[in-house]
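*Asks:* One structure is given below, represented as structure tokens, and several questions about it will come after.
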Amino acid sequence: MEKMQFKAESKRLMDLMINSIYTHQEIFLREIISNASDAMDKLAYLSLTDNAVGLNRGDFAVTITRDENARTITVSDNGIGMSRAEMEENLGTICKSGSLRFKQEMDKQEDIDIIGQFGVGFYSAFMVASSVTVISRRYGEDTAWKWVSDGADGYTIEACEKAAPGTDIIMTLKADTEDEDYSRFLDEYEIRNLVRKYSDYIRYPIRMEVSKSRKKEDSDEYEYYTDWETLNSMVPIWQRNKKDVSDLEYEAFYCDKFMDYQKPLRTIHVSAEGTVSFKALLYIPAKAPYDFYSKDYKGGLQLYSAGVMIMENCADLLPEHFRFVRGVVDSQDLSLNISREMLQHNRQLTIIARQIEKKIKAELKKLMADDAENYEKFFTAFGRQLKYSAVAEYGAHKDAVADLLLFWSHKEKKLISLKAYVEAMAEGQEKIYYATGENKDRLSRLPQVETLHKKGYDVLLCTEDVDEFIPQTLMSYSEKGFCNAASEDLGLQTEEEKKELEDKAESLKGMLTFVKETLGESVKEVRLSANLGSHPVCMTPEAGMSFEMEKYMKKANPEFAFPVGRILELNPEHDAVKAMQDAMTADPLKAKDYAKLLCCQAQLMADLPIEDPVAYTDLVCKLMK
């Protein structure tokens, strides 16, 4: 028996195979099973033209056997097998892929899914095995061959006996160390979990002899026995025709696959062909996972290629704004790296991601239109994600999510979309009005909101921090600009009304000066307003930043936060303002108290802190005497 060397820089390249290409030892079982699947595909393809094969597709299977005493795992198939020459070429030459060559040479058959491309998967066995023995008999030949290697010093090949065509891969596990527990790969539960994780959708059954128990007849005692069990599902649900899959099957798959006890709000089954062909099964969950809004959450879709899981969380297939979607994508058109553990970024990946984004957005818009109640449930769970995505990256994705956002309508007393707001705008209304704050009930009683309501205009009441940034990012929707009701010009006055207010301010200039001098630096300016309705006063921010923005900056970065200038606006038609004006000549000290009281009231209405609550209380008590 001749000792032969690998046809490559064997020692260095084998070290690279074992220690660098693969990041997880458990990958070895996926690779060996994938090779077995390829071998059976080759013989199945040959059987289409060779009746002597004598096997139908249903006759092929992978078997896994364990020997705890010998510390071996054996993966067997009844595929096409290998001759001595093929052993030397495929196993003796690292990076030589017989599967890839077969795929290139055969006629295109849509029912043939060859997985191997790089010719390195077999060597992943040496991550866990101290030696590997391959016994294989080529279909059409009588002699079988045994290939043995410890992974570093070459290999031997000798003739042997094997009853039928196919291949056995016998892996002798390395001895356990303090750092590595190789014995776990002998555990039937570990093997079952690895098969279901990585090879659940290999088209052929993967069978293993497992321990079982049953009650003895006429006894309460149990007896233990072994039986063969199929570990994999074989046909993935996303490969089936939509009309052949029931809602219950879709829901059961989701709950089992993604460990959610609630059924999803929506299921999206995609079968795309063209420049890039792929199938996808996507789910919109009914609730957010407990860690969804934390840095620990891992978004992305499970990626499969020919039934083999390549990545558990492929984030590149999902845009950030739809990171809540769960599901799987299966495509053979993606370029994988040599270990099949990572994707190479390419045009195909981008095409799939764009198509998936369109499908998700279309389904969400359909849900909004057809089932408002469930869409509100969805938005309660994931609306914040959509809002933050609208303002992220300087609004790069705002167009993708603008139609999906909901805000509380003061007029309708419910959540509505921007589209619904614009469609219901009153005649002559040119702006989308909104108000930001911590409480929608408080916002609904703002003087400006009251004025707009009397005009027949709706106001969106926004209570999340991110809401402050959305109008600034979107700038407009359906050619309608946004207007902050609490801080911007509402645009309700005619030129004639503006002139009338200017004349009024000129005639009350003395009162405005008096109030400003009384309040000092606590306000930047005092002016009249025609937008206060039945209220005497309000506090508005100086142009440039709102009070809510000031609060946000104070929380986010206190060191660089600065106060926004306060502008006190007075309603010249209100009795309280007229009382202060009368007191200016009859009792100037009381007039000053009135001015201070109106300022505190304006601060409270704007949800701003009063600098000295005790002094405010004393002032109220003094005026009550």
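*Asks:* Does K499 qualify as being more than 29 Å from K366 (Cβ to Cβ) and in a helix (DSSP H, G or I)?
*Replies:* yes
*Asks:* Kindly list the number of the only condition in (1) within 24 Å of A486 (Cβ to Cβ); (2) surrounded by fewer than 16 Cβ atoms within 10 Å (Cβ to Cβ); (3) modelled with pLDDT of 95 or more that fails for G428.
*Replies:* Checking G428 against (1) within 24 Å of A486 (Cβ to Cβ); (2) surrounded by fewer than 16 Cβ atoms within 10 Å (Cβ to Cβ); (3) modelled with pLDDT of 95 or more, the one that fails is (3).
*Asks:* Report whether or not L512 is open to solvent by 20 Å² or more (accessible area, probe 1.4 Å), aliphatic (A, V, I, L, M), assigned to a helix (DSSP H, G or I) and over 20 Å from V564 (Cα atoms).
*Replies:* Judged against the criteria, L512 is a match.
*Asks:* Sticking with this one: Can you pull out every residue in region 207-252 that is within 36 Å of the chain's Cα centre (by Cα), in a strand (DSSP E or B) and free of Cβ contacts under 8 Å to residues at least 60 places away in the same chain?
*Replies:* Hits for region 207-252 are E229, T230.
*Asks:* Can you tell me which residue among F382, F407 is outside any helix (DSSP H, G or I), at negative phi and crowded, with 17+ Cβ neighbours inside 10 Å?
*Replies:* Testing whether each residue is outside any helix (DSSP H, G or I), at negative phi and crowded, with 17+ Cβ neighbours inside 10 Å leaves just F407.
*Asks:* Quick one: Q448 ticks every box in (1) of a type outside the set (G, A, S); (2) buried (at least 22 other Cβ atoms within 10 Å of the Cβ); (3) under 16 Å from W408 (Cα atoms) except a single one, so which number is it?
*Replies:* Looking at each condition in turn, Q448 falls short on (3).
*Asks:* Write out, first by first residue and then by second, each pair whose Cβ atoms fall under 6 Å of each other, whose residues are 6+ apart or on separate chains, and whose first residue, in region 326-340, is under 28 Å from T267 (Cα atoms) while the second is in a loop (DSSP other than H, G, I, E, B) and at pLDDT 60 or above.
*Replies:* Final answer for the pair search is R326/F258; Q332/A306; D333/V276; D333/S277; S335/N346.
*Asks:* If you go through region 288-329 one residue at a time, how many are surrounded by fewer than 19 Cβ atoms within 10 Å (Cβ to Cβ) and out of contact with any Leu (no Cβ under 9 Å at 6 or more places or on another chain)?
*Replies:* 13
*Asks:* Could I ask something else about it? Would you mind stating whether P285 is open to solvent by less than 50 Å² (accessible area, probe 1.4 Å), over 14 Å from R323 (Cα atoms) and modelled with pLDDT of 90 or more?
*Replies:* When the stated conditions are applied, P285 does not pass them.
*Asks:* Another question, if that's okay. Could you name every one of the helices (runs of 4 or more DSSP H) located completely within region 520-608 that has at least 1 residues being open to solvent by less than 70 Å² (accessible area, probe 1.4 Å), charged (D, E, K, R) and in contact with a strand residue (DSSP E or B) (Cβ under 8 Å, 6 or more places away or on another chain)?
*Replies:* 547-556
The values are calculated or read from the model by the stated rules, or taken from the named source; none is laboratory data. In this text, all values refer to a predicted model and were calculated from it rather than measured experimentally. Every residue, glycine as well, gets a Cβ built from its backbone with ideal geometry; the counts of neighbours run over all protein chains shown. All accessible areas refer to the heavy atoms of the entire protein, side chains included, with ligands and DNA or RNA removed. Shrake-Rupley method; radii C 1.70, N 1.55, O 1.52, S 1.80 Å.
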